[in-house]
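The values are calculated or read from the model by the stated rules, or taken from the named source; none is laboratory data. Because the structure is predicted, anything quoted here is derived from the model rather than measured. Note: ideal-geometry Cβ built from the backbone for every residue, glycine included; neighbour counts use all protein chains shown. Remember, those area values only see protein heavy atoms, side chains included, never the ligands or the DNA or RNA. Shrake-Rupley method; radii C 1.70, N 1.55, O 1.52, S 1.80 Å.
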Amino acid sequence: MGLLTQARRDGVRVVTLTNPPINALGFALSGELVAAFDAAESDASIVAIIITGSNGPFSGGADINDFLRRPPADSKSVRDVIGRIERGTKTYIAAIDGIALGGGFELALGCDYRVGTARAKIGLPEIKLGLIPGAGGTQRLPRLIGAQSALEIMLKGDLIDAARARELGIFDALAEGDLIETAMQFARSPRKRISARRAELGAKGGLFAGPFALALAHKSVPSEERGGFAAHKLIDAVEAALEFDFQRGLAREFRLFDELVDSAEAHALMHVFFAERELGKIPGLPAAQPLEIKTAAVIGGGTMGTGIGLTFASAGIPVTIVEPSGEQIERSKQTVLDTFAYQVKRGRMTEEEAKLRTASIDFERDLSAVKNADIVVEAVFENMDVKKEVFAKLDSLAKPGAILASNTSTLDIDTMAAQTKRPEYVIGTHFFAPANIMKLLEIVRGKTASPQTITTAMALGKKLRKVGVLSGNAFGFIGNRMFFDYSREAIALAEEGVPPHRVDAVMKKFGMAMGPFATFDLSGIDVFWRIQQDRKDAVGRRTNIIDRLYQLGRYGQKTGAGIYKYEKGQREPIPDPEVENIFAEEAKAAGIAPRAVNDEEIVKRLVYALVNVGAELLRTGIALRAGDEDIVYIYGYGFPPRTGGPMWYADQAGIAKVYADIKGFGWEGSPLLAELAQSGGKLADHRPTSKELAHA
């Protein structure tokens, strides 16, 4: 069966892409398109060709797998398809309903006219894969709408809705009725090749001078060493559209694209792309129909509970926040109002939408208000006795079949489930703060959680626009369990005489969103202190540094002092010699001598701490895939995407070298790392056995 269909309509050939789910323009479909256009061009009775997509999307772009393998002999790519259109004599019209992304949008740009429906969305998101458009996008889009607007679209890589695309001149018309009928109106219009136009800068922002605007664009993106490699190449390609004729500009784009597609950064970002799409594949989980979540309740109206409530409301799910304190309810209500007002101010929603979402959040003081909710998420104090009491009460109040979820970041889901008569409906939903902003959601399955409950939680994550990662039930789950070892090494480095601000500076240079000590202050030293009351070895106990800071009331940003000092109302960390003295005193008392540590060792000790415990979570089945752990760290902890995540980073460094360094640091290495170091294997290829999953 072919990947496209063809129909004849009043002297027009309508070519429909039929390669579900997104009509990806792989080698096979590209070959069929070239053949279809050859046939249409040789038919004198055909005056125009309309290209459209089936089942919604026009095309989601090229098949990314094609970037990772050598093309088959005589294969055709999107470049060949667009080249065939350029050489043609007929009029080509792209009829877009749904998405036209990457190579799909470039195919549309290769046509003479573009029409869309109101729901159409276009974009060139290649920058998010460490690439640039490679089928003429950097040359045609600047020639169509001006280099300035084209650069903004391509550097962000975001979707552009139909109305904005029409305003920019990308769409020649928007269909009010039948899309193909609208496209037919252009069938007898003359050809209008974008490649015949001259690229212009445009006057947006008052920038008229090409060299100045391009220099400004280079300054506006990160350096090549900090994740801006593709962005600078993209600006270079657009510069070629301004300076050269079309064919020379196209040659420059092709060369830059081919250079990028083999880069380490692009391979890392493509790994992240594929890892995210693997998340929903849960080995050994029986198929189950997810429950429909129409209403929700959240227990606790603090910062986290309010954020979770906002998340449900933003996804169109009415939610009740249950909070016994009237004072806290008022604070929570104000947070809701402020949040939606900010969204209106930024143009992300209308005032009417803000009113509807605000109205969808109810506040109640009595726990019985959960009785009609399809899911109840507890977000109370991180203490097992408190949570056990809440779950016992919820079991008698929530309706039959309702899911009971915990927002715990470390505690045992099975213990909570045991407080109920419905353990199969209990699951962990670990939101990351601020819950309404952070994309990561750890979904924690206990031993009794049913396949339907797990499936429902994964589906809910998507509805909430979160990146849901399934974890087994173990202390700290995936993210925090790895973070505790990372924290241990950060503290150990400071005990050995490395100032906290230097550790943070080195890790920010590596690409972390925040250094470990700034993260401690953001989360709260008091939080780490409480965790250590239950788990003495959580972040290392060579010294009493956490106890000292806690006793001094240095909880972090919330108290104006933690590892760092903070000016009133400011979040910028200020190095504090007093804390460095405390580290030195504690280290001396513990017999830890100061030593010289270079930047390379700082990075290795912190990143390899993540890798070592991550490997152990893989070996024991807590994490399903190394890619899952990479996603957790990129979306939840600010690990630089250009590295692919800690596990991918270790694979690229070589597991044998990583394991040798771990042993050199005097750590107990994960048996899985030892095995892979011996065999030459990779973490990315490891999958837990059925036995390991059963014990997770």
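Some notes on this structure:
- Annotation for the stretch 264-282: at least one member residue is over 26 Å from LEU441 (Cα atoms) and either in contact (Cβ under 8 Å) with a residue 12 or more places away in the chain or part of a loop (DSSP other than H, G, I, E, B) (or both).
- Restricting ASP362, ASP258, ASP262, ASP338 to residues that are in contact with a Ser or Thr (Cβ under 9 Å, 6 or more places away or on another chain) and acidic (Asp, Glu) narrows the list to ASP362.
- Answer from ALA120, ALA165 - the residue that is modelled with pLDDT of 95 or more and in contact with a helix residue (DSSP H, G or I) (Cβ under 6 Å, 6 or more places away or on another chain): ALA120
- Subset of the stretch 109-124 that is crowded, with 24+ Cβ neighbours inside 10 Å and of a type in the set (Val, Ile, Thr) - its residue that is farthest from the chain's Cα centre (by Cα): VAL115
- When the criteria are applied in full, SER471 meets the requirement of being modelled with pLDDT of 95 or more, among the small types (Gly, Ala, Ser) and in contact with a strand residue (DSSP E or B) (Cβ under 9 Å, 6 or more places away or on another chain).
Here's the yes/no breakdown for (1) under 20 Å from LEU440 (Cα atoms); (2) under 23 Å from the mean Cα position of the chain (by Cα); (3) open to solvent by less than 60 Å² (accessible area, probe 1.4 Å):
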{"site": "ALA288", "(1), (2), (3)": "no, no, yes"}
{"site": "ILE293", "(1), (2), (3)": "yes, no, yes"}
{"site": "GLY300", "(1), (2), (3)": "no, no, yes"}
{"site": "MET304", "(1), (2), (3)": "yes, yes, yes"}
{"site": "ILE308", "(1), (2), (3)": "yes, yes, yes"}
{"site": "ILE321", "(1), (2), (3)": "no, no, yes"}
{"site": "VAL336", "(1), (2), (3)": "no, no, yes"}
{"site": "LYS355", "(1), (2), (3)": "no, no, no"}
{"site": "ALA359", "(1), (2), (3)": "no, no, no"}
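- Every test in (1) assigned to a helix (DSSP H, G or I); (2) within 19 Å of ILE413 (Cβ to Cβ) is passed by GLN343 save one, and that test is (2).
- Hey, ALA24 farther than 18 Å from GLY134 by Cβ and free of Cβ contacts under 8 Å to residues at least 40 places away in the same chain or not: no
- So GLU225, is it touching a helix residue (DSSP H, G or I) at 6+ places or on another chain (Cβ under 7 Å), open to solvent by 50 Å² or more (accessible area, probe 1.4 Å) and not polar (S, T, N, Q): no
- Residue match in the stretch 621-635 (condition: open to solvent by 10 Å² or more (accessible area, probe 1.4 Å), over 24 Å from GLY497 (Cβ atoms), at pLDDT 95 or above and among the β-branched types (Val, Ile, Thr)): yes
- Among the residues making up the stretch 496-533, a single one is over 17 Å from ARG554 (Cβ atoms) and acidic (Asp, Glu): GLU496.
- Checked against the criterion of being open to solvent by 20 Å² or more (accessible area, probe 1.4 Å) and closer than 24 Å to ASP80 by Cβ, the candidates ARG252, ARG277, ARG198 yield just one match: ARG252.
- Restricting attention to the stretch 656-684, the residues that are free of Cβ contacts under 8 Å to residues at least 60 places away in the same chain and either open to solvent by less than 10 Å² (accessible area, probe 1.4 Å) or in a loop (DSSP other than H, G, I, E, B) (or both) add up to 11.
Residue-wise test of (1) open to solvent by less than 30 Å² (accessible area, probe 1.4 Å); (2) within 15 Å of ILE563 (Cβ to Cβ); (3) under 26 Å from the mean Cα position of the chain (by Cα).
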residue: ILE478; (1), (2), (3): yes, no, yes
residue: MET482; (1), (2), (3): yes, no, yes
residue: ALA494; (1), (2), (3): yes, yes, no
residue: PRO499; (1), (2), (3): no, yes, no
residue: ARG502; (1), (2), (3): no, yes, no
residue: PHE510; (1), (2), (3): yes, no, yes
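- Considering the stretch 375-385, the residues that are over 17 Å from LEU310 (Cα atoms) and of a type in the set (Asp, Glu) include one that is surrounded by the fewest Cβ atoms within 10 Å (Cβ to Cβ), namely ASP385.
- Subset of the stretch 28-66 [surrounded by fewer than 20 Cβ atoms within 10 Å (Cβ to Cβ) and either among the hydrophobic types (A, V, I, L, M, F, W, C) or touching a residue at least 60 places away in the same chain (Cβ under 8 Å) (or both)]: ALA28, VAL34, ALA35, ALA39, ALA44, ILE46, VAL47, ILE64
- Scanning the stretch 86-97 for residues that are in a loop (DSSP other than H, G, I, E, B) and open to solvent by 10 Å² or more (accessible area, probe 1.4 Å) yields THR89, LYS90, ASP97.
- Within the stretch 255-268, the residues that satisfy the criterion of being under 24 Å from GLY645 (Cβ atoms) and open to solvent by less than 20 Å² (accessible area, probe 1.4 Å) are LEU260, VAL261, SER263, ALA266, ALA268.
- Check on LEU394, at pLDDT 95 or above, part of a helix (DSSP H, G or I) and not hydroxyl-bearing (Ser, Thr, Tyr): yes
- For ALA7, the conditions (1) within 29 Å of ALA118 (Cα to Cα); (2) outside any strand (DSSP E or B); (3) without any contact (Cβ under 8 Å) to a residue 12 or more places away in the chain all hold with the exception of (2).
- The single condition among (1) over 19 Å from PHE477 (Cβ atoms); (2) open to solvent by 40 Å² or more (accessible area, probe 1.4 Å); (3) basic (Lys, Arg) that LYS439 does not satisfy is (1).
- Only residues that are part of a helix (DSSP H, G or I), of a type in the set (Gly, Ala, Ser) and under 21 Å from the mean Cα position of the chain (by Cα) were counted in the stretch 223-248, giving 2.
- Within the stretch 362-374, being open to solvent by 10 Å² or more (accessible area, probe 1.4 Å), in contact (Cβ under 8 Å) with a residue 40 or more places away in the chain and not in a loop (DSSP other than H, G, I, E, B) holds for ASP362, PHE363, GLU364, LEU367, ALA369.
- Taking the listed residues GLU167, GLU106, GLU176, the one that is open to solvent by 10 Å² or more (accessible area, probe 1.4 Å) and in a helix (DSSP H, G or I) is GLU167, with no other qualifying.
- All conditions but one from (1) free of Cβ contacts under 8 Å to residues at least 60 places away in the same chain; (2) more than 26 Å from the chain's Cα centre (by Cα) apply to ALA457; the one that does not is (2).
- Any hit, the stretch 125-138, residues being hydroxyl-bearing (Ser, Thr, Tyr) and surrounded by fewer than 24 Cβ atoms within 10 Å (Cβ to Cβ): no
- Of all residues making up the stretch 310-319, the number that are more than 19 Å from LYS371 (Cα to Cα) and surrounded by fewer than 23 Cβ atoms within 10 Å (Cβ to Cβ): 3
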